[in-house]
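Take a look at the structure below.
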Amino acid sequence: MNSAGSVTVLELGDLTLPALWLRDACGCDQCRHPGTGQRLVGSARVARLFPDTAVTRHEVADGRLTVVFAPDGHRSTFDLDWLARNAPGRAARTADQSERGRVLWTSTDLPAGPPRVAWDAYLRSPVAMATALGAVSALGVAILTEVPARPGMVLTVARTFGFVRETNYGALFDVRIEPNPTHLAYTGAELAPHTDNPYRDPVPTVQLLHCLRTAGEGGDSVLVDGFAAASRLRDVDPAAFETLTRVWLPFRYDGPMTILTARAPLITLDDEGAVTQVRWNDRALQPPDVGPDRMAEVYRALAAFAAVLEAPDLAVSPRLAPGDCLIFDNTRVLHGRTAFQPDPAGGGRHLQGGYVDMDGLRGTLDLLRRDGGGARLVPTAPPPSGVPVARTARAAAPAVAR
Ligand SMILES: [Zn+2]
């Protein structure tokens, strides 16, 4: 096919290709740096320089589309396969972190609890690693089993896919009964399902909890898919859902040496109304500081969401064994535990936790998927623990190939 004729929207088979978008998507050496793949001419510059651009000529040959643009005669070539996947209206939204495209779950969907991958396989096999990280991305949760039950190993796990986020609780924190607790987590009290640190800005996105010792009785983990809960609230009480997406509420932590405050909605939506984040933490949420006229509405919405979150069919309750490392999306999955007693013989339930940023997890997963099973996992510089850290070896290639 070879055709001339100036169009601002090129119709090609079942593809609708606006000229402005094609020009913006050009991957030639003038438009993208050939070495880094980074853009030399960005969308805003295209919009300012060529607002009325048109395709004056196009040609399809050998699975590629070549177009020539007015007014400057710039020429671009596109892979037709790439266009079929990425044309406007077809592409999966890049970096979509919303409920769209995730797998929402209730207890019946995970009868055996979260997906489990053995630590040894995870370290040796890119496929096993992608399985575990893919579960955290899609379901919001996975468990690595048989991670050596040694203090500090939670940081070794964290460093396999990201960088440890240090907070006032330290690079890692010990969850066990302490004589003078600064936090309810450091007692044997039941903790209702919650997301961690809603008073932080930004909140920690990936959380790890590594089990070193279990309690004799109790101390079971409780997990709830916050996206599934928000989705149910939207179905059963749309007004309450709407309120919790619109009203920003105050969160606060007052510690001996630390004060942390943030304002945020309990349910965050993206530009198409899809849920992207849930914050739920009864201990950190402060009395609403909205006007008196909205107070009843806000309390009613809080009660409605609390009722949904307590529905027994939403909760999954895995009992962590020593060596299990729970990895979950703290912007989505609520976690809690049943009550437990201190062990009179000493010891007793002991977890170590830590935080990592979600971009590290998703980026590692994207690398594993792009490089497939052929990705070579190699040790980088040894972390303090001396245990090798798996990283994919290949350098980043340009983001688009066409
Ligand atoms: Zn170009």
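The values are calculated or read from the model by the stated rules, or taken from the named source; none is laboratory data. Computed from a predicted model, the values in this text were never measured in an experiment. Quick reminder, even Gly has a Cβ in these numbers, built from the backbone with ideal geometry, and neighbours come from all protein chains shown. SASA here: full protein model, heavy atoms, side chains in, ligands and nucleic acids out. Shrake-Rupley method; radii C 1.70, N 1.55, O 1.52, S 1.80 Å.
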Any chance ALA345 is open to solvent by 10 Å² or more (accessible area, probe 1.4 Å) and in contact with an Asp or Glu (Cβ under 9 Å, 6 or more places away or on another chain): no
So GLY226, is it farther than 22 Å from SER98 by Cβ and in the same structural domain as ALA185 (by TED's automatic domain parsing): no
Pairs, first closer than 17 Å to VAL278 by Cβ in the range 248-268, second of a type in the set (Phe, Trp, Tyr) and open to solvent by 40 Å² or more (accessible area, probe 1.4 Å), C-beta under 8 Å, six or more apart: ARG263/TRP248; ALA264/TRP248; PRO265/TRP248
Residue in the range 35-45 that is in contact (Cβ under 8 Å) with a residue 24 or more places away in the chain, more than 12 Å from the ligand (Cβ to nearest atom) and among the aliphatic types (A, V, I, L, M) present: no
Every residue from the range 88-110 that is farther than 18 Å from VAL278 by Cβ, at pLDDT below 95 and not basic (Lys, Arg): PRO88, GLY89, ALA91, ALA92, THR94, ALA95
Any hit, the range 144-165, residues being assigned by TED's automatic domain parsing to the domain that holds GLY363, modelled with pLDDT under 95 and open to solvent by less than 40 Å² (accessible area, probe 1.4 Å): no
Pick from the range 52-91, criterion in a loop (DSSP other than H, G, I, E, B) and open to solvent by less than 50 Å² (accessible area, probe 1.4 Å), ranking: nearest to the ligand (Cβ to nearest atom): HIS74
Selection from the range 268-304 of residues that are hydrophobic (A, V, I, L, M, F, W, C) and over 14 Å from ARG246 (Cα atoms): TRP280, ALA284, LEU285, ALA296, ALA303, ALA304
Single residue of the range 25-34 satisfying the filter (in a loop (DSSP other than H, G, I, E, B) and open to solvent by 30 Å² or more (accessible area, probe 1.4 Å)) that is nearest to the ligand (Cβ to nearest atom): CYS28
Residue within the range 14-24 that is in contact with a strand residue (DSSP E or B) (Cβ under 8 Å, 6 or more places away or on another chain), open to solvent by 20 Å² or more (accessible area, probe 1.4 Å), away from the ligand (no atom under 15 Å from the Cβ) and over 18 Å from ALA91 (Cβ atoms) present: no
